[in-house]
Structure formats: structure tokens, C-alpha cells
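The values are calculated or read from the model by the stated rules, or taken from the named source; none is laboratory data. Only a predicted model underlies this, so the values are computations on that prediction, with no experimental measurement involved. With ideal geometry, Cβ positions are generated from the backbone for all residues, glycine too; neighbour counts draw on all protein chains shown. When the accessible area is computed, the model is the full protein with side chains, heavy atoms only, and any ligands, DNA or RNA have been set aside. Shrake-Rupley method; radii C 1.70, N 1.55, O 1.52, S 1.80 Å.
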Amino acid sequence: MTTDPSVGSRVVLRYRLPEGYSHPMTDVIGELLSLDPPTVRTANGETVRVAADRVVALKTLGPRPIRTSEIRNLEIAAADGWPGTEQEWVDGWLLRSGAGFTGRANSAAPLESSADTSSLDRIGQWYADRGLGVRLLLPDRLGTVPPGWQTWDEVHVLAADIANVPLPDGPAMATITNEPGSDWLSLYRYRGSVPPPEAIEVLTAVRSGVLGFGQLGGVGGYPLAIARAAVTTAPDGRRWVGLTAVEVAKEHRRHGLGTLLCARMIRWGKEHGATHAYLQVAVDNRPAVAMYRAIGFMEHHRYRYAAPTDA
């Protein structure tokens, strides 16, 4: 064995075939599930387990390229997890509104292959009818910035196979409810500010999924940390748990509470059928990106917002 990759990495495994085959060796590429014995899960879900004495080479590869269809599927699952309070499909665009609270809940995303910029007038009128300016959410490869429009807020969409995420064992240290209580809301902030009253409708909205609001400590007082999780299913059948609204009380930061709570919410998602997890974090929020990478998240794709320059 020429290298010793870590479990969860993408590898190529070369091994000897039994006598009688037309060729002596073969390769398999996929995710390394175990080193003892060497076990690889291929892209189509097949698990290949090889006796150690048959292994010729085991080499780490770079991350698997993300297909455009995978971006589309994850974005649809994420849109169901944070749908705003009103949604409508227009020419392949998913339009969402939520009384102006948060960009995701008040933006149009090109989530079907038929979506193009010829629909901008219809999209703009839909938002004008609701007293909102038009805003596009443009994921990598799914949409282009219209000429003369400005962009802002580049966002990482990070994803993880739950099988590769270390989850806490033993008694749950977090309280998880299906609605945010007053303790939970006391810590929640949006871009550092207390959210408006209409935020509760956006926070508690989900399409064809399950919501969980988790917190560490603070029952009857102020919580140490909070997080929201939504379990939804993508069109390809993959079930995702999405983490949002992760907050740690200022005086308790940098003690691992955010990591602990995120792991607990992922475990909750797994209990509700999720096999993969995702979250969105601003590209320039380096501490948060580092924390999520340490848990096991990898970059899946990015998105950004766009609006007319004179808006």
C-alpha cells in the first residue's frame, strides 16, 4: 500500500483480482469508508471491500468535481428549507418573498434549466406587486449576471456526507423543539441586529420538510448557543439537513459550543432520514468556514445576489 489516506477522502484503490480473470488487476474510485479492510464506496453507491493482501495501491485523489445537476438539486432542497412565506414558479425561476426579511427568502433563483433572463420583467413585476425590489440569487453554473446588474454577498454552500461527520454519542446536551421558544429568539440575530417581528414567519416556514430549533442551556434564561435545522428532500431523492441561524452567546464563543450544537443538529437530521448536510456561510467569514471544515464540510458551490445597478 503506497499511501495511507484518511477515511472519508476520495481515493483510487488498485487491487489484484482472483485467478481466472482476463486481467490481473483493476481499479475502483470513490470514498474511502475503512482502512481495515480497505473499503470504498463508488459514485453509484456500490461498496467494494478488498482483503488487505490483495491491495496494490491506495492513493488519495482531489475532491470529486460537483456536477451541475447536483448544484441544482441541493439548491432546490435548500430553497424548501428556507422558502419565505410565499413562493411561485415563473419560467423556471423560483420566486420567494418573506416581507423583506433575509436575502434568501426574498429572491428569485434559476432552479430549472429553462430559466433565463428573458423573464426578468415578469420577475420584477412580481416583486413590485409585493412592495419589494427585484433580487436574484445566482448559484454557480445555474445563472449569469444580467448586463448592467451589480452583485454582492458571495456565499459558500458547504456540504458533508453525514457518514463522515463525527456526531456526539450519549445523552443529548441540546434541547430541540419544532418551534423557536422565547429563549431561542432572545439570542437570534440577523446580521448582528434584532430581527423584525415578521422574522418569526420566515424562521418557521418549510416546504415538505421538518424543522428543528436547537439550543444549549438557557431553559428559563439565556441560551449559550442556538441553531435551526431543516430536513428536506432534493428532486434526486437525496435527503438533506440544512443548518441556519447558528449563534453562540458572545461571552461563550471559542469554546466549541457552536461545533457541538451543529453536530447535535446534524444527528437530529440523521434521525429524520437525512444522509447529507449543508449550510451557507459568507466567503469572508473565515472563522465560521474554518469551524465547518473542521466538522467535515467541504465546498459544494457558491452563490451570490444580483440586482439592477440603479436599484
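Can you tell me what share of the DSSP beta bridges in the chain is antiparallel? A percent to the nearest 5 is fine. Write down the numbers at each step before the final one.
Details: 67 of 72 bridges.
Within the chain, antiparallel bridges account for around 95 percent of the total.
What is the distance in Å between the Cα centroid of the stretch 46-98 and that of the stretch 250-311?
15 Å
Under the rule of -39500 (n - 2.57) per DSSP H run of 4 or more residues, summed and divided by the residues of the chain, what mean residue ellipticity at 222 nm is obtained, to the nearest 500 deg cm²/dmol? Kindly include the intermediate steps, with their values, before the conclusion.
On the way: 6 runs with 59 residues, N = 311.
Taking each H run of at least 4 residues, the total per residue is -5500 deg cm²/dmol.
What is the antiparallel percent of DSSP beta bridges lying wholly in the stretch 221-311, to the nearest 5?
Restricted to the stretch 221-311, the bridges split so that about 65 percent are antiparallel.
So what's the angle, to the nearest 10 degrees on a 0 to 90 scale, between helix 68-81 and the longest Cα principal axis of the chain?
Around 50 degrees separate the two axes.
Would you please calculate the Kirkwood hydrodynamic radius of the stretch 1-156 over all C-alpha pairs and express it in Å, rounded to one decimal?
19.0 Å
Give the angle, between 0 and 90 degrees and rounded to the nearest 10, that separates the Cα long axis of helix 257-271 from the longest principal axis of the Cα atoms of the chain.
Tilt relative to the chain: about 80 degrees.
Go through the stretch 24-105 and name the trypsin sites (Lys or Arg not before Pro) that are in a DSSP coil and have 14 or fewer other Cβ atoms within 10 Å of their Cβ.
Answer in residue order: 67.
Name the residue farthest towards the positive end of the dipole of the chain from the options 40, 151, 69, assuming +1 on Cβ of Lys and Arg, -1 on Cβ of Asp and Glu, about the Cα centre.
The residue sitting most towards the positive pole is 40.
By how many nm would the segment from residue 117 to residue 161 grow when fully extended, if each residue of separation counts as 0.36 nm and the alpha-carbon distance is taken off?
Stretched fully, the residue 117-residue 161 segment lengthens by 12.4 nm.
With +1 on each Lys and Arg Cβ and -1 on each Asp and Glu Cβ, how big is the dipole of the stretch 26-183 about its Cα centre, in debye rounded to the nearest 20?
Once rounded to the nearest 20, the dipole reads 320 debye.
Extending each Cα 7 Å along its Cβ direction at residue 198 and residue 67, get the distance between those two points in nm, one decimal.
About 4.0 nm separates the two model spin labels.
How much area per residue is accessible in the chain when the probe is 1.4 Å and only protein heavy atoms are counted (Å²)? Could the numbers behind the result be given before it?
Values: 15400 Å² over 311 residues.
Counting only protein heavy atoms, the per-residue value for the chain is 50 Å².
Mind ordering 11-19, 289-297, 256-264, 193-201 by average Cβ neighbours within 10 Å, highest first?
The packing order, highest mean first, is 256-264, 289-297, 11-19, 193-201.
Note down the nm distance, to one decimal, between modelled labels 7 Å out along Cα→Cβ at residue 90 and at residue 35.
So the two model labels end up 5.5 nm from each other.
Using a Förster distance of 35 Å, how high is the FRET efficiency between residue 56 and residue 208, based on the Cβ-Cβ distance and rounded to 0.05?
Between residue 56 and residue 208 the formula returns 0.15.
Relative to the present Cα-Cα distance, how much length would full extension add between residue 236 and residue 144 at 0.36 nm per residue of separation?
Full extension from residue 236 to residue 144 adds 30.7 nm.
Could you please state how large a percent of the accessible area of the chain is carbon and sulfur, counting protein chains only and using a 1.4 Å probe?
50 percent
Rg and Dmax of the chain, Cα atoms, in Å?
Cα-based Rg and Dmax for the chain come out at 21.9, 73 Å.
How much length, in nm to one decimal, is gained on full extension between residue 46 and residue 153, taken as 0.36 nm per residue of separation minus their Cα-Cα distance?
34.7 nm
Please list, in order along the stretch 185-191, the HN-Hα scalar couplings obtained from phi with the Karplus expression 6.51 cos²θ - 1.76 cosθ + 1.60 (θ = phi - 60°), rounded to whole Hz, x for Gly and Pro.
The phi angles translate into 5, 5, 9, 5, 9, 10, 6 Hz.
List residues of the stretch 130-155, by number, whose backbone nitrogen lies under 11 Å from a label position 7 Å along Cα→C-beta of residue 299.
Flagged as within label range: 155.
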